[in-house]
Amino acid sequence: MKQSEARLRIIQEWDRWILSQAIDPDGPTGKDSLKFFHELQDSGSPLLEFQSRGQDKWRIIHAWLLGADRLSDDWISIAPRITPARRLRPERRRLLKT
């Protein structure tokens, strides 16, 4: 199946699937698209038999759903940057000339 056909059919399946789900009041997110993808995988859905050209199929489907305004990515929070603790330099001692 070509991606163009798969995209249309997956979005239609998403629209049916989402009605049966308990969704956060803010709307569906990436977590929901991952659950949707895993359910398609577990059931052996022929909808996943599209050409992915080596790309991750969940990422492709997730991008399709985002592009179709079916979900948002607000659930992905930006992690704070982890900086290593600074090591203090050993104290330098000057040699006194006598």
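Structural remarks
- For the stretch 33-73, dividing the convex hull volume of the Cα atoms by the residue count gives 73 Å³ per residue.
- Probe 1.4 Å, all protein chains present, accessible-area order of 62, 38, largest first: 38, 62
- Extension gain from residue 20 to residue 56, taking 0.36 nm per residue of separation minus the Cα-Cα distance: 10.4 nm
- Counting only heavy atoms of the protein chains and using a 1.4 Å probe, residue 45 has close to 20 Å² of accessible surface.
- The local environment of residue 37, defined by Cβ-Cβ distances under 12 Å, has a net charge of -1 under the rule Lys, Arg +1 and Asp, Glu -1.
- Think of a 1.4 Å ball rolled over the protein heavy atoms: the stretch 1-66 then has 63 Å² of accessible area per residue.
The values are calculated or read from the model by the stated rules, or taken from the named source; none is laboratory data. Since this is a predicted model, take the numbers as computed values, not measurements. Positions of Cβ are generated from backbone atoms using ideal geometry, with glycine treated the same way; all protein chains shown enter the neighbour counts. Heavy atoms of the whole protein, side chains included, go into the accessibility calculation; ligands, DNA and RNA do not. Shrake-Rupley method; radii C 1.70, N 1.55, O 1.52, S 1.80 Å.
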